[in-house]
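This report concerns only the one structure given below.
The values are calculated or read from the model by the stated rules, or taken from the named source; none is laboratory data. The structure presented is a predicted model; accordingly, all values stated were derived computationally and were not measured. FYI the Cβ positions are ideal-geometry reconstructions off the backbone, even for glycines, and counts take in every protein chain you see.
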Amino acid sequence: MKHAVRIAGIDRTFWCDENDSLLTGILKANSSGIPAGCRGGGCGVCKIQILSGEFSTGCMSGCHVSAEDKAAGKLLACRVYPRSDIELSVIGKMIRCFQKVA
């Protein structure tokens with residue numbers, strides 16, 4: 001099943017399959033110049049904040065995502081899988097790429 005994912009701040013929406021991570025969905029929607037990092041939850045490049053929606057997560061490095069971050073919905077897009085429509089904010093190193101689009 002696919003879910004709509006809205007990126008706040010630039011008012012951009014893309015579709016993401018619930019079997020794909022949010023990072024995979026972002027890259028499928030627009031791969032030009034977006035840094036992907038390790039894609040395994042270890043580098044922290046793809047940090048986002050979930051503003052609304054249901055999701056599941058995989059393992060992430062504690063160096064980049066603290067318990068406080070998790071509680072605030074600040075996670076790594078490569079390890080977040082949508083379970084409903086999602087609204088997110090880009091807060092990691094990827095933000096520079098999205099600021100160029102705005």
From the set of residues in region 68-96 that are within 17 Å of residue 6 (Cβ to Cβ) and assigned to a helix (DSSP H, G or I), which is modelled with the lowest pLDDT?
-> 95
Output for region 31-50, where each listed residue is free of Cβ contacts under 8 Å to residues at least 24 places away in the same chain and surrounded by fewer than 17 Cβ atoms within 10 Å (Cβ to Cβ) | 31, 32, 42
Of all strands (runs of 3 or more DSSP E) completely enclosed by region 1-54, which ones contain at least 2 residues that are within 10 Å of the chain's Cα centre (by Cα) and under 19 Å from residue 83 (Cβ atoms)?
-> 2-7, 47-52
Residue within region 51-59 that is surrounded by 16 or more Cβ atoms within 10 Å (Cβ to Cβ) and of a type in the set (A, V, I, L, M) present = no
